[in-house]
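Below is one structure, written out as structure tokens; comments come after it.
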Amino acid sequence: MDYQPVVVTSHPRPSTSKHNAESRYWRQLKHPVFIKEYAPITSIHFSPSKPHRYAVTAATRVQIYAPRTQKITKTISRFKDVARSGNIRPDGKLVVAGDDSGLIQVFDINSRAILRTFDSHKQPVHVTKFSTLSPSQVLSCSDDTTAKIWDVPSQSPISTFASHTDYVRSGQISTSNPHLVLTGSYDSTVRLFDSRSGRCEMVMGESSATGATGSAPVEQALLFPSGTIALSSAGPIIRIWDIVSGGRCIRALSNHQKTVTALAFDANAGRILTGSLDQMVKVYDVSTYKVVHTMRYPAPILCLAISPDETHIAAGMSDGTLSVRRRQLKITQTTAADLLRSSTFESFLGASHPALGEGTVRGKTQSKPLGSVDEFRVESRRVKRLRDYDKLLKSFKYSAALDSVLRKQVPPTTTFSLIQELIHRDGLRTALSGRDDVLLEPVLRLLVKYVTDPRFGEMVCNIASMVIEMYSPILGQSPLIDSLFLRLQKKVAAEIRFQKELVKTKGALAMIFASSVSVNET
């Protein structure tokens, strides 16, 4: 009968990685590219249409970047003052931006020509956005405490909202209803307007009946795609408002240390990304509103955007640095062929020709010649080589086999699997006997290291009992061995104390849960 190698038992163990699946997903956004501007970056916006170019607003210009190369493709600099809030229309053909003189301009993204100009505001305009459902309308929010909806073809305002009493620094047209507008102001309120009535339909914040917020100005306001939940950031606090229940604050998040300056959704609005002056970007799960990932940046963050395909995260900072993190997508062979093939290629190649790329790729393996069907083929089996400890076990050299797995580079699962084999062979005592202080030291170090490991604790206790029984007569002859035995004793005592505390905690929790159940039943 052939010798059966030692079977290394795999033990379930907690992951040593501190990154869960969610964190690993966001950590794939790496390969950061840092682009230095000469002024703080105040706005970043990705085009909803492919190839998802993004507009970066800084100083007196709006620059259009290509996502693949991170190079500037267009520069729009026809502003009289500091430019604000460059926003690309959903079809990717127009750009709207305001400036600190109160002027709003609509540009052709390719020719950079000025197509429309709106000059009704008298103070700086910090927000200009195209409507998603009505691309011919533009929302503007200004420091003159008003927000307006503009009709692009006629260059005239459709609605003007003047309920705020301080600067209006954030705003958005609902993506589910083109008549609803959400705005945030430095008067510490978030307001919901209806363009059909021209009035404020809901107030969320200091002036609301709930009195849920303090006096911190609202920096950002964001509306869920469903139109039923709104977000706002005032200071380091992010608040979630339930619009269906009348603008009630249902949650307040305080994970940042400084003012939150940017709010953004991922592609399917399942995650919220927040940027702050504390140089951190945090990702929240909307189902629990808990932080699932954190990214650190080198400077305070002023604006943040994520591409619709979630391959790029761009952050603008107060020192003029633009940081773009990218996720490398693996292009499959089919996808590459689809990218190369077009209707022109197909009509040229015709149906009788092979698909693009076929017929030119050679396989790595060559076909083997086949003999006659009457020939007999002798099959050869490759003998599996035994490991060193298997060779020693096969020769019944138990002590040497144990020594071979006590080295540092051997994983503990292999070491304890061999010890288990020795126990089955009734050879563990033989392997442990006759050792001097040099050979006994690695055994004791193994016991000290893994005595509290739940995977091997029971086996370690059995081995330790045997070692103490065998070598207790010689204690006191080697200071090193004595110190290792003492460390083992202290570690076992500490583990016993820890287990007792766990039992006490478990009992206390059981009493709390039992009392809470009884209260609920009454």
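Taking N as the residue count of region 376-522, its C-alpha radius of gyration divided by 2.2 N^0.38 Å amounts to 1.53. Available extension along the chain between Gln155 and Asp91 is 21.1 nm, counting 0.36 nm per residue and deducting the alpha carbon span.
Counted over all Cα-Cα pairs of the chain, pairs farther apart than 42 Å make up 49 percent. 3J(HN,Hα) along region 269-284: 6, x, 9, 10, 10, 10, x, 9, 6, 7, 6, 10, 10, 10, 10, 10 Hz, from the Karplus curve 6.51 cos²θ - 1.76 cosθ + 1.60 with θ = phi - 60°, whole Hz, x for Gly and Pro. Against the chain, whose longest principal axis comes from its Cα atoms, helix 479-521 is set at around 50 degrees. Estimated from helices alone, the mean residue ellipticity of the chain at 222 nm is -7500 deg cm²/dmol (sum of -39500 (n - 2.57) over DSSP H runs with n ≥ 4, per residue). Taking amide H positions as modeled 1.01 Å from N, with prolines and chain starts lacking one, the residues under 5 Å from Gly102 and 5 or more places away or on another chain are Val125. Across region 291-303, coupling constants 3J(HN,Hα) worked out from phi with the 6.51/-1.76/1.60 Karplus curve, θ = phi - 60°, read 6, 10, 6, 9, 10, 9, 10, x, 8, x, 9, 9, 8 Hz, and Gly and Pro carry x. Projection of the Cα convex hull of region 28-117, averaged over all directions and equal to a quarter of that hull's surface, yields 5.9 nm². Short-range pairs are left out: with C-alpha atoms under 8 Å and at least six residues apart, the relative contact order of region 1-134 is 15 percent. Taking amide H positions as modeled 1.01 Å from N, with prolines and chain starts lacking one, the residues under 5 Å from Arg84 and 5 or more places away or on another chain are Gly98, Asp99. Ignoring ligands, DNA and RNA, please state the percent of accessible area on region 431-510 from carbon and sulfur, probe 1.4 Å. After summing per-atom areas, the C and S share lands at 62 percent. Each of the peptides 510-519, 316-325 was scored by the mean count of other Cβ atoms within 10 Å over its residues; in descending order, highest first, they stand as 316-325, 510-519.
Accessible surface for Ser472 stands near 60 Å², nearest 10, in the context of the full protein assembly shown (1.4 Å probe). Distances between placed amide hydrogens fall under 5 Å for Val218 paired with Ser185, Tyr186, Asp187, Ser188, Thr189, all partners being 5 or more residues away or on another chain.
Taking Cα atoms only, the orientation of helix 437-450 departs from the longest principal axis of the chain by about 40 degrees. Relative to the longest principal axis of the Cα atoms of the chain, the long axis of helix 412-424 lies at roughly 30 degrees. Label positions at Leu386 and Asp119, each projected 7 Å from the Cα along the C-beta direction, are separated by 9.5 nm. Relative contact order for the chain: 10 percent, from Cα pairs under 8 Å spaced at least 6 residues apart, divided by residue count. Relative contact order, whole percent, for region 260-321 stands at 29, derived from Cα pairs under 8 Å and 6 or more residues apart.
Separation of region 71-99 from region 108-165 is 13 Å, based on Cα centroids.
What the phi angles of region 120-129 give under the Karplus curve with 6.51, -1.76 and 1.60, with θ = phi - 60°, is a coupling list of 7, 6, 10, 10, x, 9, 9, 9, 9, 9 Hz, glycine and proline written as x. Taking only the C-alpha atoms of region 250-326, Rg followed by Dmax gives 11.9, 36 Å. Could you tell me which residue out of Ile474, Tyr38, His121 lies farthest along the dipole of the chain toward its positive end? Charges go on the beta carbon: Lys and Arg +1, Asp and Glu -1, centred on the Cα centre. Checking the options against the dipole of the chain, the answer is Ile474.
The values are calculated or read from the model by the stated rules, or taken from the named source; none is laboratory data. The structure displayed is predicted, hence computed values, not measured ones. Because the Cβ atoms are built from the backbone with ideal geometry, glycine has one as well, and the counts that use them run over all protein chains shown. Heads up: the accessible areas ignore ligands, DNA and RNA and are worked out on the full protein's heavy atoms, side chains in. Shrake-Rupley method; radii C 1.70, N 1.55, O 1.52, S 1.80 Å.
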